[in-house]
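The values are calculated or read from the model by the stated rules, or taken from the named source; none is laboratory data. This structure is a prediction, so every number in the text was calculated from the model and none was measured. Using ideal geometry, Cβ is built from the backbone for each residue, glycine included, and neighbour counts are taken over all protein chains shown. Heavy atoms of the whole protein, side chains included, go into the accessibility calculation; ligands, DNA and RNA do not. Shrake-Rupley method; radii C 1.70, N 1.55, O 1.52, S 1.80 Å.
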Amino acid sequence: MNLNYTRLLLAALATLFFCSLPAEAWWNRDWALRKEITVDGASKDARFSGPVERPALLLRLHEGNFDFGSAAEDGSDLRFVSADDKTELPFYIEKYDPLFNEAFVWVGLPEVKPGEKLSIWLYFSSQKAGGAAAETKEPLYSDAVQGVYHFSEQGTAPNDASGKGNHAENPGTAANGAIIGGGLRLPGAAPVKVAGTPSNAWKRGGSLTFSAWVKASALAPNAVFFTRRDGAEAFVVGLNNELPYVETVSQGTPQRAVASKGVTQDAWHHLAIVFEGGNATFWIDGEEAGSAAATLPELKSEFQIGAGGEVAGTSSAMVGELDEMQLVRLPLSADAIRFAAIVQGADRAAALVSLGEDAAPEGLFDFMHGGFMGIIMESLTIDGWIVIIILVIMMFVSWWIMYDKARYLNGIARANTAFLDEWRHVSGDFAVLDEGDDNHARNLGGRVDDGKRHAIRQSSIYRIYHIGVQEVRNRVVRDRERGSRKGLSGRSMAAIRASLEGGFIHELQKLNARMVLLTIAISGGPFLGLLGTVVGVMITFAAVAEAGDVNVNAIAPGIAAALAATVAGLAVAIPALFGYNYLLARVKEASAHMQIFIDEFITKAGEFYDSAN
């Protein structure tokens with residue numbers, strides 16, 4: 001194979017391969033859109049001193065940062081992938097409402113490091129996601145989490161989202177429009193009860209982190225919202241006016257710890273109480289609010305949310321709302337508590353979490369993913385892909401030939417025009433344009449400069465003219481050396497014409513070079529596409545026969561994919577046909593100019609070197 005053809009074929013294959021690759025990695029080609037989510041560990045509000053391991057990130061999706069129209073109506077096509085675009089992240093959809101364009105989604109992050117940004121991807125817009133959210137292999141919460149209650153249920157008992165199965169026994173009174181979707185109204189008709197299990201048991205003197213979002217509608221003394229009792233052991237959390245407090249009874253010893261800072265009425269506050277080493281440390285909205293001695297009691301019994309029950313003295317149930325209550329069998333770090341308070345808050349989350357613009361794959365053929373073209377491409381069989389790849393290579397080759405041939409013919413046309421312009425001026429002494437004759441070149445008087453002389457040498461007519469001049473010169477010089485000035489005889493003129501015709505054939509071959517490849521694309525492209533279609537239809541019907549079930553939905557994609565080969569064949573042939581006809585007309589035009597020049601040259605030569613002169 002010609003070296004130029006080999007290079008052209010390799011270039012076409014490389015272009016096809018690289019253009020089909022996306023500009024960036026893409027987790028799954030069945031998903032048409034994605035959005036980058038960035039958690040800024042260097043944010044001034046964060047002030048992290050160490051890494052936050054496996055935190056749960058709350059994403060608040062709304063019409064300002066998410067296109068609900070491109071996602072599934074129930075959010076079942078949402079997927080979260082780490083920055084490597086390979087690892088799926090666990091997530092839980094607390095609420096997804098496409099009518100009001102609002103969603104609350106919890107995503108398990110690997111780790112948030114201080115001073116660094118963490119990026120993950122939110123993928124959506126897929127027709128193959130199925131009717132429910134994907135089951136993630138890794139749990140959203142760690143084993144240390146004993147219970148997570150979002151209180152987003154309406155009319156049913158609150159569920160435990162931690163995966164431990166510590167669900168409530170009875171529904172509470174729903175509070176719409178809480179800090180995170182729905183919440184629990186306090187006091188309700190009856191307190192919400194959660195049975196004691198081995199997975200939510202506490203050890204005496206152990207570690208625990210209790211956290212919840214609290215909103216007090218009225219500040220009262222010793223208002224209780226969480227209680228747990230087991231014989232003489234007891235645990236109570238509430239508000240003494242504006243100050244959060246906790247009372248415990250461990251081995252008959254009551255202890256009361258009160259925060260040094262308080263909350264405001266009718267406002268949501270993130271409250272966390274960390275038990276470790278016989279002390280209870282309070283955190284309000286991610287900031288430390290004091291600590292005091294308090295030993296965690298040993299409790300295995302049920303606990304109640306929204307019930308009174310002071311350890312000592314009088315008490316009453318708190319009036320207000322509660323949301324996002326979590327029980328963790330570990331002392332969470334200050335960074336973890338601050339992270340939760342920021343990302344879960346409606347006003348502070350933007351300082352730490354940002355959502356980028358929607359992005360689609362950027363490869364040349366990525367528009368085919370999804371929709372009708374996606375169905376067709378995914379239904380193509382191996383033979384169909386082979387045929388289409390061959391046709392694509394033929395298309396690249398034919399396009400290159402049309403471009404290169406048009407460029408060559410344009411250059412020939414410009415050079416012929418330049419030559420004929422000079423030929424009209426010096427046709428009385430037509431040997432003057434022969435660059436091999438220095439005397440004639442000087443006789444031009446400088447009218448043909450070096451640039452124009454170079455352009456003239458590219459002319460096909462000039463090359464024929466040069467052949468004729470050499471033939472004439474050889475005969476005239478030979479006669480002069482013999483002392484004869486007979487001029488050109490009839491046989492000499494016939495010989496000169498034969499040489500000119502030979503040069504004409506050679507130039508015509510160069511003009512028609514590689515045109516046969518266009519005819520192959522024109523005639524072979526549709527037949528090759530038809531072959532792919534016939535084989536694809538055969539395979540589709542063979543699969544139907546093997547399955548024994550005639551289903552239009554099953555065979556339609558296969559038939560459509562088979563017809564794609566015919567479309568590809570026509571896409572190769574139609575541009576090649578138009579280009580071939582255009583180039584053929586240009587070749588005929590150049591051929592006619594050369595034939596006319598040959599006749600004119602012979603006539604001028606016969607007149608100039610007439611034996612009678």
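Would you mind telling me which numbered condition in (1) buried (at least 18 other Cβ atoms within 10 Å of the Cβ); (2) in contact with a strand residue (DSSP E or B) (Cβ under 8 Å, 6 or more places away or on another chain) residue 169 fails?
(1)
Spot the failing condition for residue 428; the list is (1) at pLDDT 75 or above; (2) among the small types (Gly, Ala, Ser); (3) open to solvent by 40 Å² or more (accessible area, probe 1.4 Å), and only one is missed.
(1)
So that you can scan it fast, the table gives a plain yes or no per residue for (1) out of contact with any Asp or Glu (no Cβ under 8 Å at 6 or more places or on another chain); (2) in a strand (DSSP E or B); (3) closer than 15 Å to residue 121 by Cα:
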site	(1), (2), (3)
59	yes, yes, yes
73	yes, no, no
76	yes, no, no
81	no, yes, yes
105	no, yes, yes
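Looking only at region 554-576, count every residue that is open to solvent by 30 Å² or more (accessible area, probe 1.4 Å) and not aliphatic (A, V, I, L, M) and tell me the total.
Going through region 554-576 one residue at a time, the tally reaches 3.
Taking region 97-113, which residues are closer than 16 Å to residue 353 by Cβ and open to solvent by 40 Å² or more (accessible area, probe 1.4 Å)?
Listed by number, the residues that qualify are 110, 111, 113.
For the list (1) open to solvent by 20 Å² or more (accessible area, probe 1.4 Å); (2) in contact (Cβ under 8 Å) with a residue 40 or more places away in the chain; (3) of a type outside the set (A, V, I, L, M); (4) in a loop (DSSP other than H, G, I, E, B), I need the number of the one condition that residue 358 fails.
Single failed check for residue 358: (4).
For region 566-593, enumerate the residues that are aliphatic (A, V, I, L, M) and closer than 16 Å to residue 408 by Cα.
583, 584, 585, 587, 590 - these are the residues of region 566-593 that are aliphatic (A, V, I, L, M) and closer than 16 Å to residue 408 by Cα.
Sort through 213, 268 and tell me the only one that's among the aromatic types (Phe, Trp, Tyr), at pLDDT 95 or above and under 22 Å from residue 155 (Cβ atoms).
213
Inside region 276-298, can you point out the residues that are surrounded by fewer than 20 Cβ atoms within 10 Å (Cβ to Cβ), among the polar types (S, T, N, Q) and more than 16 Å from residue 253 (Cβ to Cβ)?
If the condition is that a residue be surrounded by fewer than 20 Cβ atoms within 10 Å (Cβ to Cβ), among the polar types (S, T, N, Q) and more than 16 Å from residue 253 (Cβ to Cβ), then 291 is the only one that fits.
Looking at (1) on the phi < 0 side of the Ramachandran plot; (2) open to solvent by less than 10 Å² (accessible area, probe 1.4 Å), which is the only condition residue 324 fails?
Answer for residue 324: the failing condition is (1).
Could you grab the pairs with beta carbons closer than 9 Å, sequence gap of 6+ or different chains, first residue in region 151-165 and free of Cβ contacts under 8 Å to residues at least 12 places away in the same chain, second one assigned to a loop (DSSP other than H, G, I, E, B)?
159/150; 159/152; 159/153; 159/167
Within the group 434, 404, 347, 366, which residue is among the charged types (D, E, K, R), open to solvent by less than 50 Å² (accessible area, probe 1.4 Å) and modelled with pLDDT of 85 or more?
None of the others qualify; the one that does is 404.
Hey, can you tell me all the residues within region 577-611 that are assigned to a helix (DSSP H, G or I), of a type in the set (Phe, Trp, Tyr) and buried (at least 17 other Cβ atoms within 10 Å of the Cβ)?
Result: 580, 597, 601, 608.
Condition check ((1) over 20 Å from the mean Cα position of the chain (by Cα); (2) in contact (Cβ under 8 Å) with a residue 40 or more places away in the chain; (3) over 24 Å from residue 324 (Cβ atoms)) across all residues:
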{"site": "37", "(1), (2), (3)": "no, yes, no"}
{"site": "47", "(1), (2), (3)": "yes, yes, no"}
{"site": "65", "(1), (2), (3)": "no, yes, no"}
{"site": "75", "(1), (2), (3)": "no, yes, no"}
{"site": "78", "(1), (2), (3)": "no, yes, no"}
{"site": "92", "(1), (2), (3)": "yes, yes, no"}
{"site": "97", "(1), (2), (3)": "yes, no, no"}
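Being open to solvent by 20 Å² or more (accessible area, probe 1.4 Å), closer than 26 Å to residue 281 by Cβ and part of a strand (DSSP E or B) is the filter here; which residues of region 181-210 pass it?
None; the set is empty.
Checking the structure you have, find out if any residue of region 534-546 is hydroxyl-bearing (Ser, Thr, Tyr) and modelled with pLDDT under 90.
yes
Can you name the condition, by its number, that residue 178 falls short on among (1) part of a strand (DSSP E or B); (2) at pLDDT below 95; (3) of a type outside the set (Ser, Thr, Tyr)?
Residue 178 satisfies every listed condition except (1).
Any residue in region 211-218 that is surrounded by fewer than 16 Cβ atoms within 10 Å (Cβ to Cβ) and either more than 47 Å from the chain's Cα centre (by Cα) or not β-branched (Val, Ile, Thr) (or both)?
Looking through region 211-218, at least one residue is surrounded by fewer than 16 Cβ atoms within 10 Å (Cβ to Cβ) and either more than 47 Å from the chain's Cα centre (by Cα) or not β-branched (Val, Ile, Thr) (or both).
Filter region 57-88 down to the residues that are open to solvent by 70 Å² or more (accessible area, probe 1.4 Å) and over 23 Å from residue 350 (Cβ atoms) and list them by number.
Once the filter is applied, which keeps residues that are open to solvent by 70 Å² or more (accessible area, probe 1.4 Å) and over 23 Å from residue 350 (Cβ atoms), region 57-88 yields 69, 73, 74, 84, 86, 88.
Would you pick out the residues in region 556-613 that are under 29 Å from residue 399 (Cβ atoms), over 43 Å from the mean Cα position of the chain (by Cα) and of a type in the set (Val, Ile, Thr)?
587 - this is the single residue of region 556-613 that is under 29 Å from residue 399 (Cβ atoms), over 43 Å from the mean Cα position of the chain (by Cα) and of a type in the set (Val, Ile, Thr).
Could you please find all residues in region 102-115 being of a type outside the set (Phe, Trp, Tyr) and touching a Gly at 6+ places or on another chain (Cβ under 9 Å)?
102, 103, 105, 112, 113, 114, 115
Quick check on region 164-171. Is at least one of its residues under 28 Å from residue 31 (Cα atoms), at pLDDT 90 or above and not in a strand (DSSP E or B)?
no
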